[in-house]
There are 2 protein chains.
Amino acid sequence: MTYGRGPNGERTESRGGGGLATALRGLVEQHDTTWIANAMTDEDRVVAGEEQRGTVLIEQEERQYELFYNVMANPTLWFAQHMLWNLAFTPDFDDEAWTAYASVNAKMARATVAELDRDPAAAVFFQDYHLYLAPTFVRRDRPDALMSHFVHVPWPETDAWSVLPEQQRRDVFAGLLANDVVGFHTDRWRRNFLRGCVDVLAARVDGEVVEHDGRRTRVTAHPIGIDTAEFDGLVDSEAVLDRERELVASRPELLVVRVDRTDPSKNIVRGFRAFGSMLERHPELRGRVRMLALLDPSRQDIPEYVDYLAAVEREADALGDAVDLRVGDDFARSVAAYKQFDVLLVNAVFDGLNLISKEAPYVNARDGVLVLSENAGSHAELGEWALTVNPFDVSGQADALYAALTMEPEEKRRRLEELRAHLRTHDVREWGELQMADLDGVRRR
Amino acid sequence: MTYGRGPNGERTESRGGGGLATALRGLVEQHDTTWIANAMTDEDRVVAGEEQRGTVLIEQEERQYELFYNVMANPTLWFAQHMLWNLAFTPDFDDEAWTAYASVNAKMARATVAELDRDPAAAVFFQDYHLYLAPTFVRRDRPDALMSHFVHVPWPETDAWSVLPEQQRRDVFAGLLANDVVGFHTDRWRRNFLRGCVDVLAARVDGEVVEHDGRRTRVTAHPIGIDTAEFDGLVDSEAVLDRERELVASRPELLVVRVDRTDPSKNIVRGFRAFGSMLERHPELRGRVRMLALLDPSRQDIPEYVDYLAAVEREADALGDAVDLRVGDDFARSVAAYKQFDVLLVNAVFDGLNLISKEAPYVNARDGVLVLSENAGSHAELGEWALTVNPFDVSGQADALYAALTMEPEEKRRRLEELRAHLRTHDVREWGELQMADLDGVRRR
């Protein structure tokens, strides 16, 4: 939740970007929860000074926050965990950013300890790569606190962690192991983490339990699901129907859709190349098919992201009319595109899970086909109903797009129905319950 | 060995670049060996048509060889194994290069089978990343041949192999497992390979033995050593003494030396930045210390290498007189610099072993200090006598250079003496013998 000011000076609340914020909001609404977060806007900082039931916003020193957020978390950790560094040249590591990261984590930890003073039986749920050090700080003060940490990004293998100097990568692993439970979206990231605990900390690993520093941490893999009720409601909402009418009025016979933040991990440039290559190989499809790319401009405070957006725009321009590129943030338009795709392209270089590969097929109205990167976390679940692509193999992606566009109707319907049945069973509630069950297991022990 | 023509039309033989060719030549001279290689020069092709005792040069079709050597082996496999791809943009995979790689490997395999027909009891030693598929082809024709493969480059973890489409990475692993023995320079690369056999092929791993496709392959780690006798002779050779006199006449009080091919894996740009940063922090050293970089221009048929050399030259220019950059191939000058360094910088991003980190300390005459990347294979052996650096941490490298330049004389002497004792015991002969012993073990089984 981010706070701002409306045109008449009234306070506004806006939904955080991406599916994760939605998923977490659902979880938070079902429990008596306090949400501890950094203040990001000016209005956030005003809210931080007030007493808010259920929300604690922490004011961080501006320069520290900048280094924490726009240097250390993004791009340093994000790029390391998605294997995006161009290692011959970058990163060029900066101790100052690490110190700021630790300091912001320490302040988050102090706020967490204060909440535990208010409610000593509360469980703490840390989210993601911004807070790897906070659990260590909380654990020092509250040895018996019940703590869980969910990592939403890929966990790379040990050698990829060598972009951090030794002490820092040890601190990252030790920070996560200060929790009782650490969760990942797929077994692949869990496996990498468990191996890393051995390689980096010489910890003892027994099945899914890591022993380190006299403590035991259970490492689990629970892919997040979608809030099916939310999407059931959204598909017929006025905003989405409006956007869908516009889309239907202008769409060609066949539509390849991608919906992404403009993040280098999303592999947008290679996606355009694959689409162009597919058209070259199958000129009979020219005019009958278009690629619609709805891209949310992401992290434009970071030079690598500015450069990437420029590369994306150049590549789209090169394809002319065949591509309809829309840069902006319009969730209703995204859902309309989810309904209208014939092929959804998710070709991420690496992706922790990729919620769009679940949201879009769930609401699709055209028996659309999912083309899915083998390096997206959701591939472990959805691969059998998708056409699998290697994200680096542009030629293979071109072939997959063609196969998807020309798949037999019954085959398309069968795949989509089975995929949807999976999404209904394995939804965001299940994800929440599995995490609660993990912690209950720890409590009993 | 590469053949050429001298000024009077006479045939010349030149030593292959790098320490590896020297090390292997030593091994070959001690045994009754046939050396099978691709013809690389016009004169090689002439030799290929003649009958040469001990050498079989194979002529490959030009376009195939170009794709094999300058696309698939370098940069595709080399960059993948050194984790140098800028994955948001490169590689952009090309099936044609893979087909050419397979075809060149198949031709090498046919020549190997022909040699086995001549001498059925011979053992086959495959070298490095150019020949991952050849063992599969030889094994098909000669199920009982005794085959060993040594990989001189790093073996990255499973996710890094995803730059190859699935079938291709399976072929790489299966190709190596067609051998009886697979060798690496360090336990780190061996560990990654063993894990990869499980991840990529679902092979069974029991200790250092992999079971796959009904066969057992032993995976060993033997770091290559240097030919100490060769270097004992070189240090007082006229050519080296000439070069050393020139160097001594122009050197300042303190000399930081690096000797490398201009390969992005060598991390030359960050090395200059670290040296510059060290001078900024310690201006009292300006004028007293210079960095001498002897760089062999490498693989200039490949765009990434042309760009990297340009980046290296820009970075050196920015440091002015503080850096003496020499681009060229002059082995006697390199050995002279080995003798004259006060600090040797080896800060490789990743390196299979790094022979220079052994050769240079072995002949050094000034109790010089080795600053060594934790990602160089030789670090597992030499780390305790070196100052360890993280290759991405420029600031840490600047600190290490300063610590090396100001180390106490006794401490420097002790480290260098212990390091040398290790090199004398663990020399290239030992490496050869350990490989022979591995194969003898297979033969007995």
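Key figures for this structure:
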read-out: GluC sites (Glu not before Pro) within region B:383-445, DSSP loop, no more than 14 other Cβ atoms inside 10 Å; value: none
read-out: Extension gain (nm, one decimal) between B:ALA239 and B:THR41, 0.36 nm per residue minus Cα-Cα; value: 68.6 nm
read-out: Two-site label geometry, B:ASP321 and A:ARG170: point separation in nm, points 7 Å out along Cα→Cβ; value: 4.3
read-out: Where region A:141-258 is the region considered: accessible area per residue in Å², 1.4 Å probe; value: 36
read-out: Relative contact order (%) - criterion: Cα under 8 Å, at least six apart; region: region A:210-305; value: 30
read-out: Inter-copy label distances at A:GLU96 (7 Å, Cα→Cβ; nm, one decimal); value: 4.9
read-out: Ascending list, in nanometres, of distances separating the B:ARG118 label from those of the other copies (7 Å, Cα toward Cβ); value: 8.4
read-out: Rounded if a/c under 1.5, otherwise prolate or oblate - region A:212-346, Cα gyration tensor axes; value: oblate
read-out: For region A:199-215, 3J(HN,Hα) per residue [Karplus equation, 6.51 cos²θ - 1.76 cosθ + 1.60, θ = phi - 60°, Hz, x = Gly/Pro]; value: 5, 8, 10, 6, 6, 9, 10, 10, x, 9, 10, 10, 9, 7, 6, x, 10
read-out: Chymotrypsin sites (Phe, Trp or Tyr not before Pro) within region B:116-225: DSSP coil, no more than 14 neighbouring Cβ in 10 Å; value: none
read-out: Overall dimensions of the protein assembly as shown by Cα: Rg and Dmax, Å; value: 29.5, 92
read-out: Per-copy distances of the B:THR425 label point, shortest first, in nm (7 angstrom along Cα→Cβ); value: 6.0
read-out: Antiparallel DSSP beta bridges within region A:171-301, as percent of all bridges there, nearest 5; value: 35
read-out: Shielding by partners, peptide A:159-171 (average Cβ within 10 angstrom, other chains); value: 4
read-out: Convex hull of region B:325-445 built on C-alpha atoms - directionally averaged projected area, nm²; value: 9.1
read-out: Range of Cα positions in chain B per principal axis (Å), largest first; value: 67, 54, 43
read-out: Buried accessible area, chains B and A (both chains, 1.4 Å probe, Å² to nearest 100); value: 3500
read-out: Of A:LYS266/A:LYS412; A:LYS266/A:LYS358; A:LYS107/A:LYS266; B:LYS339/B:LYS412; B:LYS266/B:LYS412, those spanning more than 22 Å from alpha-carbon to alpha-carbon; value: A:LYS266/A:LYS412; A:LYS107/A:LYS266; B:LYS266/B:LYS412
read-out: Part-to-part distance (alpha-carbon centres) for region B:289-318 and region B:82-155, which is given in Å; value: 30
read-out: Per-residue mean of C-beta atoms belonging to partner chains within 10 Å, peptide B:391-400; value: 4
read-out: Accessible surface, 1.4 Å probe, highest first, among residues B:HIS82, B:HIS31; value: B:HIS31, B:HIS82
read-out: Per residue Cα convex hull volume in Å³ - calculated over region B:59-190; value: 100
read-out: Karplus 3J(HN,Hα) series, Hz, for region A:135-148 with 6.51 cos²θ - 1.76 cosθ + 1.60 (x for Gly, Pro); value: x, 4, 5, 5, 4, 4, 8, 10, x, 9, 4, 8, 10, 10
read-out: Length-normalised contact order for chain A - Cα pairs under 8 Å, 6+ apart - percent; value: 13
read-out: Under Karplus coefficients 6.51, -1.76 and 1.60, residue-wise ³J(HN,Hα) of region A:419-432 in Hz, glycine/proline x; value: 4, 5, 4, 4, 5, 5, 6, 9, 9, 5, 5, 4, 4, x
read-out: Size of electric dipole in the protein assembly as shown: Cβ of Lys, Arg +1 and of Asp, Glu -1, about Cα centre, debye, nearest 20; value: 1200
read-out: Estimated inter-spin distance, B:VAL248 and B:GLU211, nm [label 7 Å along Cα→Cβ]; value: 6.3
read-out: Test item: A:91-100 mean partner chain Cβ contacts at 10 Å; value: 3
read-out: Charge dipole (debye, nearest 20) of region A:156-204; +1 at Cβ of Lys and Arg, -1 at Cβ of Asp and Glu; value: 140
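The values are calculated or read from the model by the stated rules, or taken from the named source; none is laboratory data. Because the structure is a prediction, the values reported are computed rather than measured. Cβ: placed from backbone, ideal geometry, glycine included. Neighbour counts: every protein chain shown. Heavy atoms of the whole protein, side chains included, go into the accessibility calculation; ligands, DNA and RNA do not. Shrake-Rupley method; radii C 1.70, N 1.55, O 1.52, S 1.80 Å.
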